[in-house]
Amino acid sequence: MRILLVEDDMLIARDVSLHLERAGYLVEHARMGEDGWFLGAEEEFAAAILDLGLPGMDGLSILRRWRGAERTFPVLILTARGSWQERVEGIDAGADDYLPKPFQMAELLARLRAIVRRSHGQASAVLAAGALLLDTRARTVTVEGLPIDLTPLEYRCLHHLMLNRDRHVTQLELTEQLWAQDFERESNSVEVLIGRLRRKLGRDLIATKRGFGYRIDAE
Ligand code: CA
């Protein structure tokens, strides 16, 4: 799952990136306001973490431009502690949640999980498909109560399919969500990954529709 991080404080950016990557996200970082705005306007992200005080274009302007251009991905804004005006302006501009600085990394991760879930209409931290349960907090998967051992990549792939189970997910979309760099992407990577998931989770869980992509198929 790709997350856009727009933050000019390099220490915070490094720390946040590290924790997000450890939690299984792919992170695209921008330091300058314009760069952050451009990435959010042009590329697909599951969510953005947006600092408000940025060099060049400020965070609120970025957010208003995204929303004005119908970019609807969830946005968590980072605000100065005690600045209720910033929070009000941020929420009015289309932020989904806010976090005052300084913050605990665990709280950032929890708020991020929550806004991503809500953006897919999921109120619960546990996603279910038939006998399969995916716990987004513990990052565990069980089938009929039995734990299934997945690699981080397999987990990310399954998580993306579960969040989007109301539609088909194309191979291209999965490729973009799962691999940060072009050179990591091989043409058959997604097929190989889906094959491994089917072996671990049962052949029928992930259906393929030619020309449309993959979709979780369970009651
Ligand atoms: Ca800043």
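The values are calculated or read from the model by the stated rules, or taken from the named source; none is laboratory data. All figures in this text were calculated on a predicted structure; none of them were measured in a lab. Every residue, glycine as well, gets a Cβ built from its backbone with ideal geometry; the counts of neighbours run over all protein chains shown. These accessible areas exclude ligands, DNA and RNA; they are computed on the full protein's heavy atoms, side chains included. Shrake-Rupley method; radii C 1.70, N 1.55, O 1.52, S 1.80 Å.
Quick look at the values:
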read-out	value
Test item: Cα-centred dipole of the chain, Lys/Arg +1 and Asp/Glu -1 on Cβ, debye	740
Paired Rg and Dmax values of segment 2-119, which use every Cα atom, in angstrom	12.6, 33
Under-5 Å amide H pairs with G130, H placed in peptide plane, nonlocal only	E219
On Cα atoms only, tilt of 189-201 relative to the major axis of the chain in degrees	60
Karplus-derived 3J(HN,Hα), 6.51/-1.76/1.60, for each residue of segment 70-77, Hz, glycine and proline x	6, 8, 9, 4, x, 10, 9, 9
In Hz, Karplus ³J(HN,Hα) per residue of segment 110-121 (6.51, -1.76, 1.60; θ = phi - 60°; x = Gly, Pro)	5, 5, 5, 4, 5, 6, 5, 4, 4, 5, 9, x
Cα-Cα separations in segment 126-216 greater than 20 Å, expressed as whole percent	30
Evaluated at q = 0.20 Å⁻¹: base-10 log I(q)/I(0), Debye formula over Cα of segment 53-161	-1.05
For segment 126-216: relative contact order, % (alpha-carbon pairs under 8 angstrom, 6 or more apart)	27
Global geometry of segment 10-55, whether rounded, prolate or oblate, following the gyration tensor of its Cα atoms and the 1.5 cut on a/c	oblate
R2 long-range amide H proximity, modeled H, under 5 Å	L26, A46
Percent accessible area from carbon and sulfur atoms, segment 126-216, protein chains only, probe 1.4 Å	51
Three principal axis lengths of the chain [C-alpha, angstrom, descending]	52, 34, 29
CD proxy at 222 nm, helix term only [per DSSP H run n ≥ 4: -39500 (n - 2.57); per residue of the chain; nearest 500]	-12500 deg cm²/dmol
For the chain, built as a Gaussian network whose Cα springs stay under 10 Å, the top-fluctuating residue of W66, W37, W84	W84
Phi-based couplings in Hz for segment 146-156 (Karplus 6.51, -1.76, 1.60; Gly and Pro marked x)	8, x, 10, 8, 10, 6, x, 5, 4, 4, 4
Helix 10-22 vs. the chain, principal-axis angle (Cα, 0 to 90°, nearest 10)	10
Qualifying trypsin sites (Lys or Arg not before Pro) in segment 80-126, DSSP loop, other Cβ atoms within 10 Å at most 13	R81
Positive-end residue of G36, G82, Q171, charge dipole of the chain with Cβ unit charges	Q171
In segment 183-219, the trypsin sites (Lys or Arg not before Pro) that fall in loop regions by DSSP, at most 11 other Cβ within 10 Å	R203, R210
Dipole of the chain [Lys/Arg +1, Asp/Glu -1 at C-beta], most positive-end residue of Q122, I206, M105	I206
Segment 136-219 - charge dipole about Cα centre, Lys and Arg +1 at Cβ, Asp and Glu -1, debye rounded to 20	160
Spatial separation of Cα centroids for segment 1-43 and segment 51-100, in angstrom	15
Relative contact order for the chain, counting Cα pairs under 8 Å that sit 6 or more residues apart, in percent	15
